[in-house]
Amino acid sequence: MLIYIDSEFLQVLEGEKDKVIDTFNRISLDDRHSNVIILDEGPLKERNFEKWSMGFHILSVQEFQNKTGFEDLGSYLKNEKHHDPSMIIFLLKEFAELFARRA
């Protein structure tokens, strides 16, 4: 799951641990990326985005504001109540459903 909002990305990596680590390392070492942070990590009982095939969607600032009430991803993530990984997954699932309806 990859979302682009006004020059910022939010991505979920799920799958086999070794493959996730390799993918994260490639992203982190890529000079095109900066300020890469891990919001949460660990094993899952089940994948959150198993049916999500890799795609790319540019989410407008207006769409993000309408869904979250925040101007940008940075201010959303800086809000303490959104530090809970379940809130971030909830947000991403909401956007996945929005994208599915558009398809």
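The values are calculated or read from the model by the stated rules, or taken from the named source; none is laboratory data. Bear in mind that the values here come from a model prediction, so they are computed numbers and not experimental data. Positions of Cβ are backbone-derived with ideal geometry, glycine not excepted, and every protein chain shown enters the neighbour counts.
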- [ ] Among the residues of the stretch 14-38, write down those that are among the aliphatic types (A, V, I, L, M) and surrounded by 12 or more Cβ atoms within 10 Å (Cβ to Cβ).
- [x] VAL20, ILE21, ILE27, VAL36
- [ ] Could you list, in sequence order, all residues of the stretch 1-22 that are outside any strand (DSSP E or B) and within 8 Å of the chain's Cα centre (by Cα)?
- [x] MET1, VAL12
Open item on the list: When you check LEU39 against the structure, is it among the hydrophobic types (A, V, I, L, M, F, W, C) and at pLDDT below 75, yes or no?
Closed with: no
Task: Test result for ILE27, more than 16 Å from PHE90 (Cβ to Cβ) and in contact with a His (Cβ under 7 Å, 6 or more places away or on another chain) - done: yes
Task: Cβ pairs under 8 Å, 6+ apart, first in the stretch 6-29 and more than 19 Å from SER86 (Cα to Cα) and at pLDDT 90 or above, second of a type in the set (S, T, N, Q) and surrounded by 10 or more Cβ atoms within 10 Å (Cβ to Cβ) - done: ILE27/GLN11
